Amino acid sequence: LDLNGRGGPVSLTPGGALMSIDAFWALHAKGGAMRLIGSSFGGWASARYAEMYPDRVERMLLLAPAFELRWHGIVGASGVAQWRRDGVREFTMPSSGASVKI
């Protein structure tokens, strides 16, 4: 399950991630429980989904879950302030080097 979907990281939201997990459960779990594996934001989404629907999650493996993701530590206070002013910020995807606006 790719929480980014076709829109890439720019389309990723907490609500959208939870809806994606729920849609996957409805389509594939046949009323049973799932095993979730998530890293970073996916780890947060997996844990939150399990909190909301404990009967739908058998177990989880969370790799560096982003429970306390703090943008100030990533882009700095001035970077966060400019991001708020501009409404968008450019990031480089580590896997491809591609530029993505979020």
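Brief remarks follow.
- Residues of segment 23-38 that are open to solvent by less than 70 Å² (accessible area, probe 1.4 Å), under 18 Å from the mean Cα position of the chain (by Cα) and farther than 12 Å from L3 by Cβ: W25, M34.
- Taken together, the residues in segment 45-66 that are modelled with pLDDT of 90 or more and surrounded by 14 or more Cβ atoms within 10 Å (Cβ to Cβ) amount to 11.
- Test: residue in segment 93-101 that is hydroxyl-bearing (S, T, Y), under 23 Å from S20 (Cα atoms) and either surrounded by 15 or more Cβ atoms within 10 Å (Cβ to Cβ) or in contact (Cβ under 8 Å) with a residue 12 or more places away in the chain (or both): no
- Residue list for segment 1-22, restricted to those being open to solvent by 60 Å² or more (accessible area, probe 1.4 Å) and at pLDDT 90 or above: M19
The values are calculated or read from the model by the stated rules, or taken from the named source; none is laboratory data. This structure is a prediction, so every number in the text was calculated from the model and none was measured. Cβ: placed from backbone, ideal geometry, glycine included. Neighbour counts: every protein chain shown. Quick note on the areas: whole protein, heavy atoms, side chains included, nothing else; ligands and nucleic acids left out. Shrake-Rupley method; radii C 1.70, N 1.55, O 1.52, S 1.80 Å.
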